[in-house]
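First the structure, which I've put down as structure tokens, then a few questions once you've had a look.
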Amino acid sequence: MKNNPAYTLIKGLSKNEKRYFKLSRVQSGDKLYEVLFNYIDVHENPSDQEIESLIKTYGSTNNLSIHKNYLANILLECMVNYSHGKTIENQLTHNLRELEYLFTKKHTEIAEKKLNVAKQKALMYEEFLIYLQLMMWEKRFFSNTWNSSQYNLWYRERISIHNKLNSIDKVMFFNDMLFNLAVERSEVQKHTLNNIFRNLKKLQETSDQTFQLKKHYLSALNFYFILINNTPKALVVSARLILLFDEHPHFIDHEPVYYINRINNHLVNCLLTFDIEEFDKNIGRLKKIVTSKKVSPQIRNNAAENYRNHFVYRYVLMGEFKKCETQLSGLLKESRIATEGGSFKQKAQFQAYIIIIQYAVGNYKKALRILQDLFLEIPMQSIPEDIVTVLKVLRLIIYYESKRYSQLNLLLKQTNYEKDNPTLNPFELLIVNHFRLLNESQDSSSILKSFQKRLKPIYRDSQKKKYFAIFDVMLWVTGQLENKSYEQKVKEVFVSKAKRK
């Protein structure tokens, strides 16, 4: 049943969507599909045999696949009706259908009013493609009564709208090219990037600067600076992009997911450039979306999850572990989202940061409990290798620092840490071999120096640096040699990098 469209659709519905479907079935008087819906909704893995017996109680002779497909179809139709009117595209598409009906009935006066309202709305929200379709209906209704000057006005307007649409399409095309270059990382990338940049500047100089053109231009420009590793300029461009939405506030309601992504991009750039002041100024934008009643609960949850994650990463980057730990419980309540939300990757990464925070403030027992729960709850094959590696390294470090030598020894014995072990990557093998030496030797200093020496080439390798992104093992080793805590070392690095900025 899990692979059936009806099951997938039902499990993805919100409470309001479920309520809407049930009300629509009550009005239709069709009880069977309401009961079938409720049964699938409350059961995690309903069997086909149980559903067949349920259908038979209503006297149906059709086979199960017919009922499944019909339920999926009426669900989809119902949800399309439910979402109708929630977006500008839906409203304008509905207007086009109304015009089609009015044309067949020759209701010209009503059509004229509908057309004018729809055109104004399409122009306000820069839905130029739909605007052109509205213009074609305008021609079908009124061209019989137009004189040559009226037709010329209509024709010039059509050219103007088409040019706007063409400029936006060109910028979006360059955006796609930039994305393709980011994926390919080809040798001709630099030359192609320069060509794209020149073309973008030409488009930017055009006199007709619509909101959509500015939006896609700044988005492409931001991507360009990221690709050439110019983070400071990318930060400036992403700030301009957010301010553009402030100038046109109705687009925040119209494109909330895009707006959230732009804020996320800007906040990441702020942290990469150590611009905490700019970060703090913009993190509140996500909080406004969390408390907004104009967007759906799903979008509010998305904003809340991002707000929480950025907040945690900000304090981890600065080494403010104690401050983050005291505020974290209140933050989770405030953002109205549980740590269980999101994908396996998102959960594992967030929980890894929580474990680092608990370890850094000395809550070893709590850190180990979260770590153990994570290994039990999440299939490790479902998350990236670098996150799995970090979780394993954290467990070794916490055992070592909390002087749980017997548990560390047991953990090292439980797994075969030989060179030919296919379950370990070279980085993991290096880590565990040195921890085995640390656990057996009285002289930790010489082993830590060897450890540091072996880590340096990995740390400099751009492909392998991902292993240090969440938890910097090199920093931990250096701290052990200097007799400093991980918190102290993170603070030192942050201060030195912030000064260089």
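Taking the highest mean first, how do the peptides 432-440, 226-234 order by number of other beta carbon atoms within 10 angstrom per residue?
Per-residue mean Cβ counts within 10 Å order the peptides as 432-440, 226-234.
I've got another one for you. Which entry in [x] 98, 70, 43; [y] 165, 43, 33; [z] 92, 60, 53 matches Cα extents along the principal axes in Å derived from the coordinates of this structure?
So the calculated entry is the one marked [x].
Now, a different point. Specify the angular offset, from 0 to 90 degrees and rounded to the nearest 10, of the alpha carbon long axis of helix 426-440 from the longest principal axis of the alpha carbons in the chain.
30 degrees
Follow-up. Before I look further, what does the chain give for accessible area per residue, probe 1.4 Å, in whole square angstrom?
Here the per-residue accessible area is 55 Å².
Within 9 Å, Cβ to Cβ, of Ile88, how many net charges do the neighbouring residues add up to if Lys/Arg are +1 and Asp/Glu are -1?
Result for the local shell: -1.
I'd like the carbon and sulfur percentage of the solvent accessible area for the chain, probe radius 1.4 Å, heavy atoms only, ligands and nucleic acids excluded.
50 percent
Report Rg (one decimal) and Dmax (nearest whole number) for the range 89-154, counting Cα atoms only, units Å.
Cα radius of gyration and Dmax of the range 89-154 are 11.6, 34 Å respectively.
Related question: Within 14 Å, Cβ to Cβ, of Ser149, how many net charges do the neighbouring residues add up to if Lys/Arg are +1 and Asp/Glu are -1?
Details: positive: Arg156; negative: Glu157.
Net charge around Ser149: 0.
Show me 383-392, 249-258 ranked by packing, highest mean number of other Cβ atoms within 10 Å first.
Ranking, from highest mean packing down: 383-392, 249-258.
Once you've got the Cα coordinates, tell me which of Lys403/Lys456; Lys114/Lys288; Lys287/Lys456 are over 29 Å apart.
Lys114/Lys288; Lys287/Lys456
Among residues other than Asn222 whose Cβ falls under 10 Å from its Cβ, what is the net charge (Lys/Arg +1, Asp/Glu -1)?
Here the count lands on +3.
Can you figure out the FRET efficiency of Gln327 with Val257, using R₀ = 25 Å and their beta-carbon distance, to the nearest 0.05?
After rounding, the FRET efficiency stands at 0.35.
The values are calculated or read from the model by the stated rules, or taken from the named source; none is laboratory data. The model shown is predicted, which means the values in this text are computed figures rather than measured ones. Note that each Cβ is placed from the backbone with ideal geometry, even for glycine, and that neighbours are counted across all protein chains shown. Please note that ligands, DNA and RNA were not included when accessible areas were found on the heavy atoms of the full protein model with its side chains. Shrake-Rupley method; radii C 1.70, N 1.55, O 1.52, S 1.80 Å.
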